[in-house]
Amino acid sequence: EKIEYNGNSFVVNVMEENAFSGNSKLTSVILPDSIEAINDYAFSNCQKLKRIKFGKSMRGIGTGAFSDCQELEHIDFGLSFEYIGYDAFNGCRKLQSISLPETGNRVECYAFEHTKIFEDNKGVLYLNHVLCGYGGDFPKHSYLEVRSGTTVVAERAFTGMSRLEGVIFNEGLKQIGYCAFDECEDLKYVKLPKSLVSIGDAAFNY
């Protein structure tokens, strides 16, 4: 949690970019409660990394932070977590379970692409209160009623789902992410709740 340098004490609160990127021997990481953020590609391509334990203060993970960590199986984000960056776990082929707290309010594009979570899913994928996407293709003339308790729609969750014609959101939804329904060319009807706070850029583009 702290380091000493020239007689001064410094709190360690960030994992910097590329800190352990490509490390071929790392198998387990335990982070102290002082760490608040893991920056871009900090642990990318750590081929033997199986386990990481976040501290109580962890707020967010940057772009590609754990991308291509092919042995990583489970993530418990703790209680203070807020955001997951672009491509954060892309290519983590064995990643099969995630515990995401209610404080999580942003999941950026392709955060869980090419993971076991996505590849084993043949329908709407929810991670607790976050709607992350859809596995496969919608049948023709599909309508989707998003389940109660969903507060966030991840970025690009339904990009290019051309057969989706309608979406019904229940009360409690707060955020629709960037490009969430981009290029849903058959979309005709969307019911938005009063609880909605923000709609991301290009959320209903094209």
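Sparsely packed loop sites in segment 83-177 (the GluC sites (Glu not before Pro) outside DSSP H, G, I, E and B with at most 16 other Cβ atoms within 10 Å) comprise Glu102, Glu171. Evaluate E = 1/(1 + (r/R0)^6) for Val197 and Ser162, where r is the Cβ-Cβ distance and R0 equals 35 Å; express this FRET efficiency to the nearest 0.05. So the FRET efficiency works out to roughly 0.80. Candidates Phe112, Gly7, Gly85 compared by Cα position along the dipole of the chain: farthest toward the positive end lies Phe112, with charges placed on Cβ.
Only Lys, Arg, Asp and Glu carry charge here, each on its Cβ (+1 for the first two, -1 for the last two); on that basis segment 13-110 has a dipole of about 400 debye about its Cα centre. Here the contact order of the chain, divided by its residue count and restricted to Cα pairs under 8 Å and six or more residues apart, works out to 11 percent. For the chain, with all protein chains in place and a probe radius of 1.4 Å, 45% of the accessible heavy-atom surface sits on carbon or sulfur.
Structure note, pairs Lys2/Lys94; Lys116/Lys188; Lys2/Lys56: Cα-Cα distances above 26 angstrom occur for Lys2/Lys94; Lys116/Lys188. Placing pseudo-labels 7 Å out from each Cα toward the beta carbon at Lys140 and Lys174 gives an inter-label distance of 4.1 nm. Shape class for the chain, computed from the alpha carbon gyration tensor (a ≥ b ≥ c): prolate, with a/c not under 1.5 and a/b above b/c. Annotation: extensible slack from Ser34 through Glu82 equals 15.7 nm (criterion: 0.36 nm per residue apart, minus Cα-Cα distance). Averaging the sequence gap over all C-alpha pairs within less than 8 Å and six or more residues apart, then dividing by the number of residues, gives segment 90-206 a relative contact order of 21 percent. For segment 120-169, the per residue solvent-accessible surface stands at 43 Å², with DNA, RNA and ligands left out and a 1.4 Å probe.
With a/c under 1.5 counting as rounded, go ahead and sort segment 68-170 into rounded, prolate or oblate using the C-alpha gyration tensor (a ≥ b ≥ c being the square roots of the eigenvalues; past the cut-off, prolate if a/b is larger than b/c, else oblate). Note, shape of segment 68-170 comes out oblate.
Shown is the FRET efficiency for Gln96 and Lys25, computed with R0 = 22 Å from the Cβ-Cβ distance and rounded to the nearest 0.05: 0.40.
The values are calculated or read from the model by the stated rules, or taken from the named source; none is laboratory data. All of these numbers come straight from a predicted model, not from anything done at the bench. FYI the Cβ positions are ideal-geometry reconstructions off the backbone, even for glycines, and counts take in every protein chain you see. We work out accessible area using only protein heavy atoms, side chains counted, and drop any ligands, DNA or RNA first. Shrake-Rupley method; radii C 1.70, N 1.55, O 1.52, S 1.80 Å.
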